[in-house]
Amino acid sequence: MTTSLPKDALALLQRLGVPEAAYAGAGLSARSPITGETVATLRETSPAEAEAAIGRAQSAYLAWRKVPAPRRGEFVRLLGEELRAAKTDLGLLVTLEAGKITSEGLGEVQEMIDICDFAVGLSRQLYGLTIATERPSHRMMETWHPLGVCGVISAFNFPVAVWSWNAALAFVCGDSVVWKPSEKTPLTALAVQAIVEKTMKRFGPEAPAGLSEVLIGGREIGDILVQDHRVPVVSATGSTRMGKEVGQKLAARFARAILELGGNNAAIVAPSADLDIALRGIAFAAMGTAGQRCTTLRRLIVHESVYDALIPKLIKVYGSVKIGDPREAGVLVGPLVDEAAYQGMQKALSEAKAAGGKVHGGEKVDVGQGGFYVRPALVEMPAQTGPVERETFAPILYVMKYNSLDQAIAMQNAVGAGLSSSIFTMNMREAELFVSDEGSDCGIANVNIGPSGAEIGGAFGGEKETGGGREAGSDAWKAYMRRATNTVNYGTTLPLAQGVSFDV
Ligand code: NAD
């Protein structure tokens, strides 16, 4: 912590094997939210270079799809090994570039390792079905085939894990990957690319050049990926605004979209809740990552009978949580990503006040260095109105009362986003109702844990304005492959389906 931050970042990049030419340029400033200073300046990918990279990825796909899936799994197993070896350095770089506390930076790399492990197993399980056919001496089956170049557009707040949720699956599915990381976090992307290239060398010539490409720049470069007909699937993670633009363009050329957009996640605290567990679950979900997770808890819907037992304690935790340099031990809340995030937070707080909200915290905190540090805000709201209805990407928790579970579930569902949700209750009927057809309308619905901190084994994503995409576990792999239904006639006649006769 005594050495300068740019020096620390450059040392990490060197240790991670990033060639110096990749971050010695002019154009895009890579800033650290820890101090706000520029740690490196990068040359952006030009449109012509982006097109050439997509071309290389297209050729790589044609070769990669011929490599048997379990061999492709072996490549991802080696990638997992390289990530294990690089975990400390890459985790620290995530902390420097995204401002996450150390354990969260390391946790993000662990998530990459976990999805690699998952994908290795998957590489021997890309199962299709055999389906009963109505015609004699016929066999009908479903087969899964590699799809092509998979485009990945990612957000600043999970600068490396989101790539891996897509890439580890895409690689075992036989696709190549072109990644446009957030313009706020290019350095971690370059580090990941260096790790992939090291893995390719270890794997040998079966891994074709162009299997993994990175495009550095802003939304104009992302747009090239979105518009290119050689890219049949694009996984885009970011704001709902971005998803609306990208989704429409992909639909116009009939490409597949995996959209992972904003959340406005709620938790319900029922009368029977274990309030100690609720308090800890709420604190992590609402304040962790300084409120900059798509699954961050933003709305707390508390039964009126437990409001006074819970909320004063929560306000106390908000007042005492340690804010500061995310590399320091004991710090739980690091910086906001930039000034725009700070301004957005202050604007939402003023609107909440105007709508009758009582604000606790939310002020700027001076930690003796640059950067935008704030005390997380807890806002007691009379109703779910104004800024409560949208996502503000900062640590603001709006707290409201309810008196019947139906009312609480209706409030939980009454916003545009549909990513994550949870209920704290010891009542089995309430818990089951919450996760039932009539309960939460989100892609993630939890009981007695907060809405954030998902594991890779489940399919991750949400409904409505969150975009409907699913990534990571369960059967999310199917989005990276094309499905064919095959019917084989091994008989000596040609019976037609549905009894149709057509004798020529
Ligand atoms: P953002 O929408 O500003 O940018 C995300 C990415 O999209 C960046 O790489 C950006 O360059 C690119 N982009 C933006 N507009 C584009 C366009 N028109 N065409 C092509 N590319 C475009 O989001 P952000 O500020 O980096 O991240 C925060 C947002 O991301 C929040 O809304 C958060 O909820 C969401 N998010 C969602 C998930 C999820 O899995 N659902 C995960 C992380 C973050």
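Just the C-alpha atoms of region 238-298: what Rg/Rh do they give, with Rh taken as the Kirkwood radius? Don't skip to the answer; put the middle values down first.
Details: Rg = 16.8 Å, Rh = 13.9 Å.
In region 238-298, Rg relative to Rh is 1.21.
May I ask for the angle, rounded to the nearest 10°, between helix 69-98 and the longest principal axis of the chain, with both axes built from Cα atoms and the value confined to 0 to 90°?
The angle comes out near 20 degrees.
Charges at C-beta only: +1 for Lys and Arg, -1 for Asp and Glu. How large is the resulting dipole of the chain about its Cα centre, in Debye rounded to 20? If you can, show how the numbers build up before the last one.
On the way: 49 positive and 54 negative charges, 139 e Å.
Rounded to the nearest 20 debye, it is 660 debye.
So how far apart, in nm, are the two label points at Ala11 and Glu351 if each is 7 Å from Cα heading toward Cβ?
Simple spin-label model gives 4.4 nm for this pair.
Could you run the Karplus curve 6.51 cos²θ - 1.76 cosθ + 1.60 with θ = phi - 60° over region 443-454 and give me ³J(HN,Hα) per residue in whole Hz, x for Gly and Pro?
Running phi through 6.51 cos²θ - 1.76 cosθ + 1.60 with θ = phi - 60° gives x, 10, 9, 10, 10, 6, 9, x, x, 10, x, 6 Hz.
Taking one equal scatterer on every alpha-carbon of the chain, how large is log10 of I(q)/I(0) by Debye at q = 0.10 1/Å?
The Debye formula, applied to the Cα set alone, gives -0.79.
In Å, what Kirkwood hydrodynamic radius results for region 16-174 from the alpha-carbon pair distances?
Numbers: mean 1/r = 0.0548 Å⁻¹.
It works out to 18.3 Å.
Sorted by average packing, counted as other Cβ atoms within 10 angstrom per residue and highest first, what order do 295-301, 221-227 take? Before the final figure, lay out the partial values.
Values: 295-301: 26.7, 221-227: 21.4.
Put in order of decreasing packing, that is 295-301, 221-227.
What is the distance, in nm, between label points placed 7 Å from the Cα along the Cα-to-Cβ direction at Ser29 and at Lys66?
That separation, rounded to one decimal, is 4.9 nm.
Cα atoms only: what Rg and Dmax, in Å, come out for region 416-466?
Values for region 416-466 (Cα only, Rg and Dmax): 10.9, 31 Å.
Given the -39500 (n - 2.57) contribution per DSSP H run of 4+ residues, what per-residue ellipticity at 222 nm results for the chain, rounded to the nearest 500 deg cm²/dmol? Provide the component values of the computation, followed by the final result.
Working: 13 runs with 192 residues, N = 504.
Helix-only estimate at 222 nm: -12500 deg cm²/dmol.
Run a plain Debye calculation on region 355-402 (Cα atoms as equal point scatterers, no solvent) and give log10 I(q)/I(0) at q = 0.27, 0.32, 0.33 Å⁻¹, rounded to two decimals, same order as the q list.
Here log10 of I(q) over I(0) equals -1.02, -1.24, -1.28.
Alpha carbon centre of region 366-388 versus region 41-67: separation in Å?
Distance between centres, Cα-based: 42 Å.
So for the chain: antiparallel DSSP bridges make up what percent, rounded to the nearest 5?
Details: 24 of 65 bridges.
Roughly 35 percent of the DSSP beta bridges within the chain come out antiparallel.
Express in nm, to one decimal, how much length is gained between Met141 and Gln227 on full extension, taking 0.36 nm for each residue of separation and deducting their alpha carbon distance. The partial results should precede the final answer.
Working: separation 86, 0.36 × 86 = 30.96 nm, distance 3.35 nm.
Separation in residues times 0.36 nm, less the Cα-Cα distance, equals 27.6 nm.
Quick one: order Ile444, Ile423 by neighbouring beta-carbon count within 10 Å, fewest to most.
Values: Ile444 23, Ile423 29.
If I rank by nearby Cβ atoms, fewest first, I get Ile444, Ile423.
With everything on Cα atoms, drop me the angle between helix 47-64 and the longest principal axis of the chain, reported from 0 to 90° to the nearest 10.
That helix lies at roughly 50 degrees to the long axis.
Say each of Ser501 and Ala251 gets a label point 7 Å from the Cα, pointing the same way as Cα to Cβ; how far apart are those two points in nm?
Each label point lies 7 Å from its Cα, and together they span 4.7 nm.
If you line up the long axis of helix 161-173 against the longest principal axis of the chain, both from Cα atoms, how many degrees apart are they, to the nearest 10?
10
If packing is taken as the mean number of other Cβ atoms within 10 Å per residue, what is the order of 228-237, 160-169, highest first?
Values: 228-237: 22.1, 160-169: 27.9.
Result, highest mean Cβ count within 10 Å first: 160-169, 228-237.
Loop only per DSSP, at most 14 neighbouring Cβ atoms within 10 Å: give me the GluC sites (Glu not before Pro) in region 253-340, ordered by residue number.
Numbers: sites: Glu260, Glu304, Glu328, Glu339; in loops: Glu304, Glu328.
Sparse-neighbourhood loop GluC sites (Glu not before Pro): Glu304, Glu328.
So which GluC sites (Glu not before Pro) in region 66-159 are both in a DSSP loop and have at most 11 other Cβ atoms within 10 Å of their Cβ? Display every interim value, and only then the final one.
Values: sites: Glu74, Glu81, Glu82, Glu97, Glu104, Glu108, Glu111, Glu134, Glu142; in loops: Glu134.
Listed in order of number, the matching sites are Glu134.
May I ask which residue of Gly386, Leu10, Gly356 lies farthest towards the positive end of the charge dipole of the chain, with charges of +1 (Lys, Arg) and -1 (Asp, Glu) on Cβ and the Cα centre as origin?
The residue sitting most towards the positive pole is Leu10.
How high is the relative contact order of the chain? Use alpha-carbon pairs under 8 Å, at least six apart in sequence, and give a whole percent.
Numbers: 1117 pairs, mean separation 89.1, N = 504.
This gives 18 percent for the chain.
Fully extended, how many nm does the chain gain between Glu339 and Tyr127 (0.36 nm per residue separation, minus their Cα-Cα distance)? Working shown, then result.
Working: separation 212, 0.36 × 212 = 76.32 nm, distance 4.81 nm.
Gain in length upon complete extension: 71.5 nm.
Give the order of Lys313, Lys464 when sorted by the count of other beta carbons within 10 angstrom, beginning with the fewest. Could the numbers behind the result be given before it?
Details: Lys313 15, Lys464 18.
The fewest-first ordering by Cβ neighbours comes to Lys313, Lys464.
Could you list, bin by bin from short to long, the percent of Cα-Cα pairs of region 119-271 in 5 Å steps?
Per 5 Å bin, starting at 0, the Cα pair percentages come out as 2, 8, 16, 18, 17, 13, 10, 7, 5, 3, 2, 1, 0.
The numbers here are math on the coordinates, done by the rules we state, and not lab data. Here the structure is a predicted model, which means the values were calculated and not measured. No Cβ is skipped: glycine too gets one built from the backbone with ideal geometry, and neighbour counts run over all protein chains shown.
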